[in-house]
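Novice: For reference, the structure I am asking about is given below.
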Amino acid sequence: MPEKAPVPAAGQTWGQLVAALIMAAKVEHGKRGQPFTVREVGEIIDMADQARPTKRKREGGRDTLFDAIATACGIDLAQPLTRGAAHTIATAKRDILEASPDVTPDEIARRATAMKAKFPGTPFGPMGFSKHWSAFPPPRRKHADNGPQGWLARLNERFPLSVYAKGQAFEITNETAYEWSRLPDEIRRSL
C-alpha cells in the first residue's frame, strides 16, 4: 500500500486510481509469494476514500434554488444528504435553470404548490419536479393595453345593434384591459 495519499493522474478518475492501486498491490504481493486478501482491498479503498477531496459547501450562504427544490420535494435539509440525493437535487436545478434561467425560489415554491394541487397525495422527487416543470408555467400577465381612449363610446355608436354594444355580450362597466381584450379583433381594429 502506498504511504502517501494517492492523487489521480491527469484524466484519471478516482475509481481508476483505486483500481490501479489494487492491481499494483496484488502484483507486489504476488512477487513476494503472499496471498492478497479482501481485507487489503478494503484498506486500499478506505485509504483512497480518506484522501479524496470533498466538495466544499458554498461559502457566504446557502444555494437558495437548491434549498427551494429540496423543500418543494419534502426533503428535510436539517438532515444530512447523501451524495446521491444532493446530486439529484443539483441535476434538477440545472435542468430547471436551462428552461427558466431567471427562476426564483418563490417561483419554485409556486410551481410545487400547483403540482401538489393537481396531483394531491402524490409524492414527487427533484427529477419528477424538473420533468414536469413546464406543465406549470408562470401565470400570464394581463396586458396593460386598455384600448384606445373612448373605445366604449365608439363601440356603442358604431355598432348599436351589435351584441357587444352596451355590454350585451359581456358586462362592460368601464374601459378595462380585460374587457377590451375580449372584443373580436375586427371590432377592435375599427375602434
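The values are calculated or read from the model by the stated rules, or taken from the named source; none is laboratory data. All values derive from a computational prediction rather than experimental measurement. Reconstructed Cβ throughout: ideal geometry from the backbone, glycine too, with neighbour counts over all protein chains shown.
Novice: With the requirement that a residue be in a loop (DSSP other than H, G, I, E, B) and in contact (Cβ under 8 Å) with a residue 24 or more places away in the chain, what does the stretch 77-103 give you?
Specialist: Ser100, Val103
Novice: Same structure, new question: So, Phe159, is that one modelled with pLDDT of 75 or more and among the aromatic types (Phe, Trp, Tyr) or not?
Specialist: Yes, satisfied.
Novice: Modelled with pLDDT of 90 or more and in a loop (DSSP other than H, G, I, E, B): is that true of Gly74 in this structure?
Specialist: yes
Novice: Separate question: Can you tell me which residue in the stretch 71-89 is farthest from Pro120 (Cα to Cα), limited to those that are crowded, with 17+ Cβ neighbours inside 10 Å and of a type in the set (A, V, I, L, M, F, W, C)?
Specialist: The extreme case among them is Ile89.
Novice: From (1) at pLDDT 90 or above; (2) surrounded by fewer than 10 Cβ atoms within 10 Å (Cβ to Cβ), pick out the condition that doesn't hold for Glu59.
Specialist: Checking Glu59 against (1) at pLDDT 90 or above; (2) surrounded by fewer than 10 Cβ atoms within 10 Å (Cβ to Cβ), the one that fails is (1).
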